[in-house]
Amino acid sequence: MTPAMPAEFDVFLSHNSQDKPVVEEIGEWLRSRGLRVWLDKWELRPGFPWQEGLEEGVRSSRAVAVFVGEGGLGAWQEPEMRAFIARSRREQVPVIPVLLPGCPDSPQLALFLEAFTWVDLRPGQTEDGLARLVWGITGEKPRETGKATASRALSSSRAQPSRDRGNWRPWATRLSLLAVPLALVVWLWARGPSPPQRGKPALYAVRVQVLDPQGHPVVAAKIRASAGNEPHSLPDRWWEIQIPAAKVPADGQVAFWAEHEEWEGNRVDLRLGDDPNPRVEIHLKDPEAWLRGQVVDGNDRTVPGARVFPQEGLPGVAITDAEGRFALKLAVPRETKVWLRAEPPSGPPGNTLCYAGRDSCSIVLEKKQAAPKG
């Protein structure tokens, strides 16, 4: 075991957000006993990336209390536990399960409790229970008081009676595939020292840059991903999408899309691995839109063989079929106004204003001038 590094905090409070009020109350009690407590509400500074503050809290605490209440383990508690279990193997960092009132039975929790000695606060914040928590944090065993009265009962009408440790063992024998991730973590911890390996991060901060067809950065784009939180723009013309490990699919594959008013959107697929800050470039494509319609003469008769093309110098030309219909592919976004010109094999041409992306453009040719009477 490598020696523990100096820590700024005595204990890191890992909890489900549903249990924050009671966890905050316990944190205040620990503070009143002179302990340095890391709680997200107290330590995450506004205006800075919270995942970096979370990682710093894990690194700078010399113990972790994992609170499990009525809502079970929260989405962020499992990665926090993995980080502390990894440190526990190297530095003998205590990982202390704390059972709150209403704590549910579950295979994942059963296996977690099989690996670590827990603190039972299901009957309430008893003197003995809180003293055991301090013992787990500081390593200083409290004096035997023989008292089991609650100093401050938790305000929960669903508090369950205390259960001895043996009642958890039947759950472990019924462990299903749903508990495989946590089972693997505990199994690796129990194996003892092993060569250090770089594990997957608890949170991915994916940086995304959008480029136009010429390779220039684009700011006014719409970004979305198949997993993770809402993207936010950065000052350096990049976007950041935070993806908790719990939201990453089993195969690690995440799709990213970019859309823009002036160019055609595009998609990039990325497989997330060990890198917590991967980068993705999405190249927009030149916009394309089909414009379809029909050419008729002044007498409302269809005109086959007419040549149809845009007048603004845009590339593209189409020839009408036997029913006078045409389909013209243009390098412009949908709903762009385009002046089209139709030139029949014989007779006067016709011009009209159409909208790219529509299929109802009708070009009426000019009527032939009557020949002057001799």
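List of remarks:
- Number of the condition not met by Arg36 [criteria: (1) open to solvent by 70 Å² or more (accessible area, probe 1.4 Å); (2) at pLDDT 80 or above; (3) closer than 29 Å to Pro231 by Cβ]: (3)
- Cβ-Cβ under 9 Å pairs, at least 6 apart or on other chains, the range 229-247 side free of Cβ contacts under 8 Å to residues at least 24 places away in the same chain and hydroxyl-bearing (Ser, Thr, Tyr), far side outside any strand (DSSP E or B) and surrounded by fewer than 18 Cβ atoms within 10 Å (Cβ to Cβ): Ser233/Val219
- Residue within the range 95-107 that is at pLDDT below 60, more than 22 Å from Val22 (Cα to Cα) and open to solvent by 20 Å² or more (accessible area, probe 1.4 Å) present: yes
- Tally, over the range 266-277, of residues that are without any contact (Cβ under 8 Å) to a residue 24 or more places away in the chain and within 22 Å of Val219 (Cα to Cα): 4
- Condition met for Gly252 (over 30 Å from Leu330 (Cα atoms) and in contact (Cβ under 8 Å) with a residue 40 or more places away in the chain): no
- Candidates are the residues of the range 199-226 that are under 16 Å from Asn277 (Cβ atoms), of a type in the set (Gly, Ala, Ser) and in contact with a strand residue (DSSP E or B) (Cβ under 9 Å, 6 or more places away or on another chain); the one that is least open to solvent (accessible area, probe 1.4 Å) is Ala205.
- Of all the criteria given as (1) in contact with a Ser or Thr (Cβ under 7 Å, 6 or more places away or on another chain); (2) modelled with pLDDT under 80, the one not satisfied by Leu44 is (1).
- Condition check for Trp339: open to solvent by 90 Å² or more (accessible area, probe 1.4 Å), modelled with pLDDT under 90 and assigned to a strand (DSSP E or B): no
- For the range 191-221, residues that are touching a His at 6+ places or on another chain (Cβ under 9 Å) and modelled with pLDDT of 90 or more total 2.
- Residue within the range 312-332 that is touching a Leu at 6+ places or on another chain (Cβ under 9 Å), closer than 27 Å to Glu259 by Cα, outside any loop (DSSP other than H, G, I, E, B) and open to solvent by 30 Å² or more (accessible area, probe 1.4 Å) present: yes
- Residue in the range 64-80 that is part of a helix (DSSP H, G or I), at pLDDT below 65 and open to solvent by 30 Å² or more (accessible area, probe 1.4 Å) present: yes
- Any hit, the range 259-268, residues being in contact with a Lys or Arg (Cβ under 8 Å, 6 or more places away or on another chain), farther than 30 Å from Ser360 by Cβ and either open to solvent by less than 60 Å² (accessible area, probe 1.4 Å) or at pLDDT below 90 (or both): no
- Residue pairs whose Cβ atoms lie under 8 Å apart, separated by 6 or more positions or on different chains, with the first residue in the range 1-18 and of a type in the set (Gly, Ala, Ser) and the second modelled with pLDDT of 80 or more, are Ala4/Arg62; Ala7/Ser60; Ala7/Ser61; Ala7/Arg62; Ser14/Val64; Ser14/Ala65; Ser14/Val66; Ser14/Phe67.
- Verdict on Arg292 being among the basic types (Lys, Arg), touching a Cys at 6+ places or on another chain (Cβ under 9 Å), more than 28 Å from Gly215 (Cβ to Cβ) and open to solvent by 90 Å² or more (accessible area, probe 1.4 Å): yes
The values are calculated or read from the model by the stated rules, or taken from the named source; none is laboratory data. All figures in this text were calculated on a predicted structure; none of them were measured in a lab. Cβ atoms come from the backbone with ideal geometry, glycine included; neighbour counts cover every protein chain shown. Quick note on the areas: whole protein, heavy atoms, side chains included, nothing else; ligands and nucleic acids left out. Shrake-Rupley method; radii C 1.70, N 1.55, O 1.52, S 1.80 Å.
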